[in-house]
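Colleague: Please find one structure pasted underneath; my questions will follow.
The values are calculated or read from the model by the stated rules, or taken from the named source; none is laboratory data. From a predicted model like this one, the values you see are computed outputs, not experimental measurements. All Cβ positions, glycine included, derive from the backbone under ideal geometry; neighbour counts span all protein chains shown.
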Amino acid sequence: MGVEYQPKKSCNGGEEGHCDSASGDHPLILGLLPSALVDHVAKVDWSLLSQIPGEPGGSFPVENEELEHILREVKVHNLSSLDDSSSSKTIAGGSVTNTIRGLASGFGLSCGMVGACGDDQQGKLFVGNMSSYGVNLSRLRRKKGSTAQCVCLVDELGNRTMRPCLSNAAKIQADELIREDFKGSKWLVIRYAIANMEIIHAAIRIAKQEGVLISLDLASFEMVRKFRLPLLQFLESGNIDLCFANEDEATELLRGEEGANPEAALEFLAKHCKWAVVTLGPNGCIAKHGKETVRVPAIGEAKAVDATGAGDLFASGFLYGLVKGLSLEECCKVGSCSGGSVIRALGGEVTPENWQWMYKQMQTKGLTIPSNAK
């Protein structure tokens, strides 16, 4: 029995102040977005990666001039012909955005964003993209100024290298967050970013007052490496209910300690979070909740067209499982299905065809598919 994916339609965003939305007053799951971000995703050859600052495979911030330079070079180093639309795309981006969009579009959950975006063309693109999937943007402040951008370079093997430009981007301030932003929601999805810690702490403080659970993504191995001490303190605060780390981030988390490996990192995270998950790429994932530990293999073929968003969409599936009351193993299986769906095409936005692929994988695994999959 087949399943059919049908994207939701919503608003096109307000011109100023808060963006409009028609997907409910109190989203079940919120994403914290201090600065909205637009992704420019492109397939490029190896030579370009050697010419730009930072290590391949990670995320390294650049200034606007460098961003423009990379975008120009992308046209030269693009792996496909210029008339091949599958070789590049521009969409609403960022880890939290990918997770929230996945929850709304693939799993049919009520979702929203709290934060800010610029009033420029990129901001309009962000609002239009997220609104088309029914994401509630009434908590997303539209501000004068630019919207953050990121170049996502995808190599021949499907590995992605990120170069975000956050300079002068429109940003929400900690004192602008109010209890009404979080009222009635169940989960708040955040990404570790040292530049946004004041906003993150303010959001968590208010969210906790409203009984909202906190899901944290560790962002990138560079972020963990450079700001490990404040991250450890953040985790040890006890405010994080669920933490996602990939294998590289887990390694950096315990760097220098004896026996540092993904399993040890999982144990460390589980001491401070109710749920801890370490994703292992083609080797699946490991997760722990209380005294229960599970290991689940990856779903589908190992070869990825583009790894962008794999961890973000894994988080979508795992959170869906938690909301639906599934077991830890089932949450991991749904996460593996959704993570496997996004790597089959370019960018962190799952195509309708790949949502169908995910639903079929879920059916095969004996998992109940979301109600929005007709």
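Colleague: I'm told Gln363 meets every condition in (1) in a helix (DSSP H, G or I); (2) closer than 22 Å to Gly134 by Cα; (3) among the polar types (S, T, N, Q) except one. Can you identify the failing condition by its number?
Modeller: The number of the failed condition is (2).
Colleague: Can you list the helices (runs of 4 or more DSSP H) found entirely within segment 173-257 that contain at least 1 residues being of a type in the set (Lys, Arg) and more than 21 Å from Arg139 (Cα to Cα)? I'd like the intermediate steps shown before the answer.
Modeller: Working: elements: 179-182, 197-209, 221-226, 228-236, 247-253.
The qualifying helices (runs of 4 or more DSSP H) are 221-226, 228-236.
Colleague: Could you go through segment 179-190 and let me know if any residue there is buried (at least 20 other Cβ atoms within 10 Å of the Cβ), modelled with pLDDT of 95 or more, among the basic types (Lys, Arg) and closer than 20 Å to Ile100 by Cβ. Even if it seems obvious, please write down each step before you answer.
Modeller: In the first step, residues of segment 179-190 are kept if they are buried (at least 20 other Cβ atoms within 10 Å of the Cβ); the result is 181-182, 185, 187-190.
Filter again for modelled with pLDDT of 95 or more, leaving 181-182, 185, 187-190.
Right, trim to among the basic types (Lys, Arg) and you get none.
No, segment 179-190 contains no residue that is buried (at least 20 other Cβ atoms within 10 Å of the Cβ), modelled with pLDDT of 95 or more, among the basic types (Lys, Arg) and closer than 20 Å to Ile100 by Cβ.
Colleague: Of everything in segment 93-117, what is at pLDDT 95 or above, surrounded by 24 or more Cβ atoms within 10 Å (Cβ to Cβ) and small (Gly, Ala, Ser)? Give them in sequence order.
Modeller: Result: Gly102, Ala104, Ser105, Gly106, Gly112, Gly115, Ala116.
Colleague: So Val114 fits all but one of (1) under 27 Å from Cys331 (Cα atoms); (2) hydrophobic (A, V, I, L, M, F, W, C); (3) without any contact (Cβ under 8 Å) to a residue 60 or more places away in the chain; what number is the exception?
Modeller: Failed condition: (3).
Colleague: Shifting gears a bit: Residue by residue through segment 47-68, note down the ones that are part of a helix (DSSP H, G or I) and surrounded by fewer than 15 Cβ atoms within 10 Å (Cβ to Cβ).
Modeller: Matches in segment 47-68: Ser47, Asn64, Glu65, Glu68.
Colleague: Of the residues that make up segment 74-88, is at least one among the hydrophobic types (A, V, I, L, M, F, W, C), modelled with pLDDT under 95 and crowded, with 19+ Cβ neighbours inside 10 Å? So that I can check it myself, show each step before the final result.
Modeller: Going through segment 74-88, the residues among the hydrophobic types (A, V, I, L, M, F, W, C) turn out to be 74, 76, 79, 82.
Going one step further and asking which of them are modelled with pLDDT under 95, we end up with 74, 76, 79, 82.
Among the residues that remain, those that are also crowded, with 19+ Cβ neighbours inside 10 Å are: 74.
Yes, that holds for at least one residue.
Colleague: From the list Val278, Val294, pick out the single residue that is within 19 Å of the chain's Cα centre (by Cα), hydrophobic (A, V, I, L, M, F, W, C) and assigned to a strand (DSSP E or B).
Modeller: Details: Val294 fails: within 19 Å of the chain's Cα centre (by Cα).
Exactly one of Val278, Val294 is within 19 Å of the chain's Cα centre (by Cα), hydrophobic (A, V, I, L, M, F, W, C) and assigned to a strand (DSSP E or B), namely Val278.
Colleague: Could you check segment 317-360 and list, in sequence order, the residues that are farther than 22 Å from Trp275 by Cβ and either more than 18 Å from the chain's Cα centre (by Cα) or among the aliphatic types (A, V, I, L, M) (or both)? Quick ask: steps written out before the conclusion?
Modeller: Step one: list which residues in segment 317-360 are farther than 22 Å from Trp275 by Cβ, which gives 343-357, 359-360.
Within segment 317-360, Ile343, Ala345, Leu346, Val350, Pro352, Glu353, Gln356, Trp357, Tyr359, Lys360 qualify.
Colleague: Residues of segment 119-139 being surrounded by fewer than 24 Cβ atoms within 10 Å (Cβ to Cβ) and in a strand (DSSP E or B), which ones?
Modeller: Of everything in segment 119-139, just one residue is surrounded by fewer than 24 Cβ atoms within 10 Å (Cβ to Cβ) and in a strand (DSSP E or B), namely Ser138.
Colleague: Could you check segment 4-54 and list, in sequence order, the residues that are more than 20 Å from Asn78 (Cβ to Cβ), at pLDDT 80 or above and not β-branched (Val, Ile, Thr)?
Modeller: Asp25, His26, Pro27, Leu28, Leu30, Gly31, Leu32, Leu33, Pro34, Ser35, Ala36, Leu37
Colleague: Is it the case that some residue within segment 312-333 is touching a residue at least 60 places away in the same chain (Cβ under 8 Å), among the polar types (S, T, N, Q) and closer than 27 Å to Ser59 by Cβ?
Modeller: The initial filter retains those residues of segment 312-333 that are touching a residue at least 60 places away in the same chain (Cβ under 8 Å), namely 312-320, 322-323.
Still in the list and also among the polar types (S, T, N, Q): 316.
Add one more test, that the residue is closer than 27 Å to Ser59 by Cβ, and what stays is 316.
Checked against the condition, which is being touching a residue at least 60 places away in the same chain (Cβ under 8 Å), among the polar types (S, T, N, Q) and closer than 27 Å to Ser59 by Cβ, segment 312-333 yields at least one hit.
Colleague: Would a scan of segment 233-256 turn up a residue that is aromatic (Phe, Trp, Tyr) and within 21 Å of the chain's Cα centre (by Cα)?
Modeller: Taking segment 233-256 as the starting set, the residues that turn out to be aromatic (Phe, Trp, Tyr) are 234, 244.
Those left that are additionally within 21 Å of the chain's Cα centre (by Cα): 234, 244.
Looking through segment 233-256, at least one residue is aromatic (Phe, Trp, Tyr) and within 21 Å of the chain's Cα centre (by Cα).
Colleague: Then there's this: Within segment 101-108, identify whether any single residue is in a strand (DSSP E or B) and either out of contact with any Gly (no Cβ under 7 Å at 6 or more places or on another chain) or under 25 Å from Trp187 (Cα atoms) (or both), and answer yes or no.
Modeller: Looking only at segment 101-108, we keep the residues that are in a strand (DSSP E or B), and these are none.
No, because not a single residue in segment 101-108 is in a strand (DSSP E or B) and either out of contact with any Gly (no Cβ under 7 Å at 6 or more places or on another chain) or under 25 Å from Trp187 (Cα atoms) (or both).
Colleague: On the given criteria, is Arg101 touching an Asp or Glu at 6+ places or on another chain (Cβ under 7 Å) and basic (Lys, Arg)? Break it down into steps so the answer makes sense when it comes.
Modeller: Details: touching an Asp or Glu at 6+ places or on another chain (Cβ under 7 Å): yes; basic (Lys, Arg): yes.
So Arg101 fits the description; yes.
Colleague: Right, another one. Which of (1) out of contact with any strand residue (DSSP E or B) (no Cβ under 6 Å at 6 or more places or on another chain); (2) surrounded by 24 or more Cβ atoms within 10 Å (Cβ to Cβ); (3) closer than 17 Å to Tyr133 by Cα does Phe318 not meet, given it meets every other one?
Modeller: Every listed condition holds for Phe318 apart from (3).
Colleague: Somewhere in segment 291-304, is a residue closer than 22 Å to Arg225 by Cα and touching a strand residue (DSSP E or B) at 6+ places or on another chain (Cβ under 9 Å)?
Modeller: Scanning segment 291-304 turns up no residue that is closer than 22 Å to Arg225 by Cα and touching a strand residue (DSSP E or B) at 6+ places or on another chain (Cβ under 9 Å).
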